[in-house]
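Colleague: Handing you a structure now.
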Amino acid sequence: MSNPASQHFALIPAAGVGARLGSSLPKQYMPLAGKPMLQYALDTFAASSAIAHTFVVVSAADGYIDDFLATQPQLTGKITVLRHGGASRQESVRNGLHAVRAEVGDDDWVLVHDAARPGLNDALLDKLIAALQGDAVGGLLALPVVDTLKRSAGRTADPRVRDTIPRDHLWAAQTPQMFRYALLQHALDQAQEHGRVSEITDDASAIEMLGLMPKLVEGSPRNFKVTLAQDVALAELFLQGQE
Ligand code: CTP
Ligand code: MG
């Protein structure tokens, strides 16, 4: 049931190292069009009147976050840093949810958003929140797959097509992924309890394991995840001149 008094909180897992991107800094701190990658998501959430507060999960050993926030007075009072990063994204999310137990109500919405998606903007955020108002399950931003999908015969130096996967009804998941606090916590706990954590690659997949069907809300190419070195130039194209 929807609760009109529900608030919206953002939870940003930012405890990765960015191994695939291979920069000297953890990728969330890497400069993109003049600003650290993490700043884009933090500024978007902090500026949104729909978001009550933002939590960012970093690793216990993170040596950058304090210096970074010291230079960002516009974020003061709007962001809480949780030094509870785990070994995987899902562990970081689970630890973060646990850490905010006292501050977030069971029916409040949590929008989990990758620090590595700097292209989220206010329009996409508002679209997701509006689409899920009163929803019993929750949902996520995602993009319908447009390319023809080929599966290779295996990981080899000379990959060859084994078959083609019909792309009908396929969507590529993005973030934010938005679920009510208690439901998401329960879903992640259940996956852990049943030894299925390795099958969870995003927040929605834990919800799906409960037999529920998260809503798909069409996102945007600009909200792609910066993963490889070659993604940096594309991200900068989207981000340049946005403010
Ligand atoms: N993340 C996290 N805790 C981890 C691993 C990842 O909070 N143990 C976060 C990342 O900081 C990122 C998001 O989850 O914001 C998505 O992960 P990904 O793009 O895979 O980032 P990394 O894990 O840092 O990159 P890589 O997999 O290339 O090492
Ligand atoms: Mg990763």
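The values are calculated or read from the model by the stated rules, or taken from the named source; none is laboratory data. From a predicted model like this one, the values you see are computed outputs, not experimental measurements. Neighbour counts run over all protein chains shown; Cβ positions are idealised from the backbone, glycine included. The accessibility values were calculated without ligands, DNA or RNA, using every heavy atom of the protein model including side chains. Shrake-Rupley method; radii C 1.70, N 1.55, O 1.52, S 1.80 Å.
Colleague: From the residues in the range 131-159 that are assigned to a strand (DSSP E or B) and free of Cβ contacts under 8 Å to residues at least 60 places away in the same chain, which one is nearest to Lys215 (Cα to Cα)?
Modeller: The extreme case among them is Leu149.
Colleague: Please find, among Thr227, Thr175, the residue that is closer than 24 Å to Asp147 by Cα and touching a His at 6+ places or on another chain (Cβ under 8 Å).
Modeller: Sole residue among the options that is closer than 24 Å to Asp147 by Cα and touching a His at 6+ places or on another chain (Cβ under 8 Å): Thr175.
Colleague: Sort out which residues of the range 99-114 are within 16 Å of ligand 2 (Cβ to nearest atom) and hydrophobic (A, V, I, L, M, F, W, C), and write them in order of number.
Modeller: Val112
Colleague: When you go through Leu128, Leu210 one by one, which is the residue that is in a loop (DSSP other than H, G, I, E, B) and under 25 Å from Trp109 (Cβ atoms)?
Modeller: Of the residues listed, the single one that is in a loop (DSSP other than H, G, I, E, B) and under 25 Å from Trp109 (Cβ atoms) is Leu210.
Colleague: Here is a list of conditions, (1) exposed (fewer than 13 other Cβ atoms within 10 Å of the Cβ); (2) over 18 Å from Ala41 (Cβ atoms), and Ala123 meets all of them except one; can you say which number that is?
Modeller: In the conditions (1) exposed (fewer than 13 other Cβ atoms within 10 Å of the Cβ); (2) over 18 Å from Ala41 (Cβ atoms), Ala123 misses (2) alone.
Colleague: Right, next: Please work out which one of (1) touching an Asp or Glu at 6+ places or on another chain (Cβ under 8 Å); (2) assigned to a loop (DSSP other than H, G, I, E, B); (3) under 20 Å from Asp202 (Cβ atoms) is the condition Gly18 fails and give its number.
Modeller: Condition not satisfied by Gly18: (1).
Colleague: Okay, moving on. Looking only at residues that are away from ligand 1 (no atom under 15 Å from the Cβ) and open to solvent by 50 Å² or more (accessible area, probe 1.4 Å) in the range 95-109, which one is farthest from the chain's Cα centre (by Cα)?
Modeller: Once the filter is applied, the top-ranked residue is Ala102.
Colleague: Right, something else. Step by step: first the residues of the range 181-193, then only those that are over 20 Å from Asp107 (Cα atoms) and touching a residue at least 12 places away in the same chain (Cβ under 8 Å), then the one that is most open to solvent (accessible area, probe 1.4 Å). Which residue is that?
Modeller: Gln192
Colleague: In addition: Please specify each residue of the range 73-94 satisfying the condition of being part of a loop (DSSP other than H, G, I, E, B) and either within 16 Å of ligand 1 (Cβ to nearest atom) or surrounded by 17 or more Cβ atoms within 10 Å (Cβ to Cβ) (or both).
Modeller: Those that are part of a loop (DSSP other than H, G, I, E, B) and either within 16 Å of ligand 1 (Cβ to nearest atom) or surrounded by 17 or more Cβ atoms within 10 Å (Cβ to Cβ) (or both): Lys78, Arg83, His84, Gly85, Gly86, Ala87, Ser88.
Colleague: While we're on this one: Within the range 130-162, which residues are loosely packed, with under 10 Cβ neighbours inside 10 Å and touching a strand residue (DSSP E or B) at 6+ places or on another chain (Cβ under 9 Å)?
Modeller: If the condition is that a residue be loosely packed, with under 10 Cβ neighbours inside 10 Å and touching a strand residue (DSSP E or B) at 6+ places or on another chain (Cβ under 9 Å), then Thr148, Gly154, Arg160, Val161 are the ones that fit.
Colleague: Also: Quick one: is Asp43 buried (at least 17 other Cβ atoms within 10 Å of the Cβ), more than 15 Å from ligand 2 (Cβ to nearest atom), more than 22 Å from Leu111 (Cα to Cα) and not aromatic (Phe, Trp, Tyr)?
Modeller: Values: buried (at least 17 other Cβ atoms within 10 Å of the Cβ): yes; more than 15 Å from ligand 2 (Cβ to nearest atom): yes; more than 22 Å from Leu111 (Cα to Cα): no; not aromatic (Phe, Trp, Tyr): yes.
Criteria not met by Asp43.
Colleague: Working only within the range 46-67, note down all residues that are within 15 Å of ligand 1 (Cβ to nearest atom) and open to solvent by less than 20 Å² (accessible area, probe 1.4 Å).
Modeller: Thr54, Phe55, Val56, Val57, Val58, Ile65
Colleague: State all residues of the range 1-41 that are more than 12 Å from ligand 1 (Cβ to nearest atom), at pLDDT 95 or above and either among the hydrophobic types (A, V, I, L, M, F, W, C) or within 16 Å of the chain's Cα centre (by Cα) (or both); if no residue qualifies, say none.
Modeller: His8, Phe9, Ala10, Leu32, Ala33, Gln39
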